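*Asks:* Dropping the structure in here first, questions after.
Every read-out reported here was derived from the displayed coordinates using simple, explicitly stated rules and does not represent laboratory data. Nothing here was measured: the structure is a model prediction, and the numbers come from that model. With ideal geometry, Cβ positions are generated from the backbone for all residues, glycine too; neighbour counts draw on all protein chains shown.
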Amino acid sequence: MDRNWPADLERWLTPFTAALRHKTRARMCPAYVAGLIGPGDRKSIQPMAARGSGVSYDQLHHFIGSSVWDAAPLEAALLVEADKLVGGDDAWLIIDDTALPKKGRNSVGVAPQYASALGKTANCQSLVSATLASHEVPVMVGLRLFLPETWTNDPKRMARAGVPKDRRMPLTKLEIAIQEIDRVIASGARFGGVLADAGYGSSGPFRQALSERGLKWAVGLSRRQNVYPADVTLIFPVAKTGKRRKYHIPDRPAVFAETMLAKQKWQKITWRLGTKGPLVCHFAACRVRLADGHKHRMRDGRVQAVPGEEEVWLVGERRSTGEQKYYVSNLPGNATIKMLAAAIKARWVCEQAHQQLKEELGLDHFEGRSWAGLHRHALMTMIAYAFLQSRRLKAAGRKKKNRRTTATAQHASHQASHPRSVRTASTTAMPTL
């Protein structure tokens, strides 16, 4: 990064410092963000202050941990900048979660819980993330702490950690995710659909909440999710004995998602070019209705959910390792399998964003214990990340413009040194490379 970045950062942060409406805080915000971006392996408050940020440890600590200011205006400013960078009808809002490993038990939300990044249960904090992304460029716009039962069942513990009163109720990650989606929608940020892994996508209420909001979505799914063929019909059988049935039932039983796709045609699909060449997997897809309606006792005596109202795509992926993954999407019925694969695979950029926020900007370096401190630190890392993405996009745009300018100049020079007569309509032009 060039030496002018601190001055560029000051200018870029103008909407954020204006949102703070306080002279001292408007000075602390650029200092903190610059500390996250600048050199040094550790991005907690003490080493950032020691590296000569122009402000003291006490000032930075007070700004993040105990100063009274509302983060909502800065979060709104971040969404405006993210929309400028990557917003549009071709953008995706990606929902995921990320774990911050922690020792001890006093940091807000810390508990033994599953950490997807580690692939195991560990003592950590778990944050639900929202990422706006387009053309493989992610900008993270939301990080919200999930509180496990060991915290929501202990009011005194939450009070000590400064958990706001409206956050002391039990909320699932799915509920937090829907709140974040609603916040992004309310901001006016533009995106064409929602992506999520099976931790969210396997939930019928989550998918239904997305559809109720008029959103397109492509989400992971359990291989054991029950599905029906798209042409399933509901019948009203007449019982020979016993009480008359009150509800319709499907005319055939549901099967697992993996069973439904096993008999489909699998195709080799290239969904994009990677740094080492084309990215290829085998995919299969078919139209289905998910078994997520109300539950009834079927003719064979089993209790099973009836087909949902929405007809959707069931998609399978076979990787070169032999691993198989399953997805479901409400993209239109005329979508191609390549379109489905590209949408599903667009989710990977949020993993890249999580990694860069931790490795480059110290998302997991915060040493405070409070709710406000953790969320403010997370917000500063997201603002820093958005600034870096803005510089990367500008640099990429300059390179692209320079390539076009160079190519045009070379072509003009070639034309001047090799004049040709104007071709007539009957002349056959030679093909060009």
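*Asks:* Hey, rough spin-label estimate for Ser116 and Arg168, points 7 angstrom out along Cα→Cβ, what's it come to in nanometres?
*Replies:* Between Ser116 and Arg168, the simple spin-label model gives 3.0 nm.
*Asks:* Please check: in the Gaussian network model of the chain (C-alpha springs, under 10 Å), which one of Ala49, Ala186, Ala91 has the largest mean-square fluctuation.
*Replies:* With Cα springs under 10 Å in the chain, the top fluctuation among Ala49, Ala186, Ala91 is at Ala186.
*Asks:* Full extension from Glu149 to Asp182: what is 0.36 nm times the residue separation minus their Cα-Cα distance, to one decimal in nm?
*Replies:* 9.4 nm
*Asks:* While we're here: If we count every other residue with Cβ under 12 angstrom of Gln225's Cβ, Lys/Arg +1 and Asp/Glu -1, where does the sum land?
*Replies:* Combined, the nearby Lys, Arg, Asp and Glu give +2.
*Asks:* Report, in deg cm²/dmol and to the nearest 500, the calculated mean residue ellipticity at 222 nm for the chain, where each DSSP H run with n ≥ 4 adds -39500 (n - 2.57) and the sum is divided by the residue count.
*Replies:* -12000 deg cm²/dmol
*Asks:* Run the quick spin-label model on Ala342 and Glu175: label points 7 Å from Cα toward the beta carbon, then report their separation in nm to one decimal.
*Replies:* 3.8 nm
*Asks:* Let me know the number of lysine pairs in the range 1-136 closer than 18 Å at the Cα, not counting same-chain pairs under 8 apart.
*Replies:* 4
*Asks:* Consider just the alpha-carbon atoms of the chain and return their Rg together with their Dmax, both in angstrom.
*Replies:* Answer for the chain, Rg first and Dmax second: 26.5, 96 Å.
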